[in-house]
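Remarks on the structure that follows.
Nothing in this text is a laboratory measurement; each read-out follows from the coordinates by a stated rule. Here the structure is a predicted model, which is why all the values come from computation and not from measurement. Reconstructed Cβ throughout: ideal geometry from the backbone, glycine too, with neighbour counts over all protein chains shown.
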């Protein structure tokens, strides 16, 4: 079973990318923030994703990178989606969309401030709620009160991140009412080194959670716009 709206972020090896695809992860993230221990170059990211099924969404994580550079990086890495963790302006979001990329904007507030910030974004922009504190824009492994994001669920679908692990994912999903999930440090043996057993446990946990819901959680493909069927890739290469 593939969980379309589960993203494993901070991929640094082809082995892990292939494992995630085989395990049932729907989206993979590469980090283009140079201060992160998970940083990769555009060409490294392209190699990480090469040969994966077209349905696996390629996401790039950016922090306040100028729009022109961001677009060039996303094109070089063959990304589907750009995930913005900084203070990017609406003009930057629009530029990325016009260049053909789906955009996810990270919002780091809760309550009324979260609703206000979300209302200022176009409906075509995905929202990732992540309020864990730490030295990095993301991937800090900091747990926060996931229920504080729940009011957004009445307004629009959103993804959840921040301190998620295989052991708390079901609780977090239940509290926040998100439709998608983004995990990085919670499935690592060390910063930038993914633990495949934790990834598999995450998938299994989320499968059990989704099957337990009286009403299916379904918002289409949260992490991407329609898949580019012309991208060279093959199941057989796995």
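Every condition in (1) surrounded by 15 or more Cβ atoms within 10 Å (Cβ to Cβ); (2) touching a residue at least 24 places away in the same chain (Cβ under 8 Å) is met by residue 122 except one, and the failing one is (1).
Do we have any residue at all in the stretch 76-90 that's in contact with a strand residue (DSSP E or B) (Cβ under 9 Å, 6 or more places away or on another chain) and surrounded by fewer than 17 Cβ atoms within 10 Å (Cβ to Cβ)? Full working, then the answer.
Our first condition is that a residue be in contact with a strand residue (DSSP E or B) (Cβ under 9 Å, 6 or more places away or on another chain); within the stretch 76-90, this holds for 77-86, 88.
Cutting the leftovers down to surrounded by fewer than 17 Cβ atoms within 10 Å (Cβ to Cβ) gives us 86.
Yes, because at least one residue in the stretch 76-90 is in contact with a strand residue (DSSP E or B) (Cβ under 9 Å, 6 or more places away or on another chain) and surrounded by fewer than 17 Cβ atoms within 10 Å (Cβ to Cβ).
The set of residues in the stretch 154-185 being in a helix (DSSP H, G or I) and in contact with a helix residue (DSSP H, G or I) (Cβ under 7 Å, 6 or more places away or on another chain) consists of 169, 170, 172, 173, 175, 176. Which condition breaks for residue 61 when tested against (1) over 21 Å from residue 49 (Cβ atoms); (2) surrounded by 19 or more Cβ atoms within 10 Å (Cβ to Cβ); (3) touching a strand residue (DSSP E or B) at 6+ places or on another chain (Cβ under 7 Å)? If we test residue 61 against (1) over 21 Å from residue 49 (Cβ atoms); (2) surrounded by 19 or more Cβ atoms within 10 Å (Cβ to Cβ); (3) touching a strand residue (DSSP E or B) at 6+ places or on another chain (Cβ under 7 Å), just (1) comes out false.
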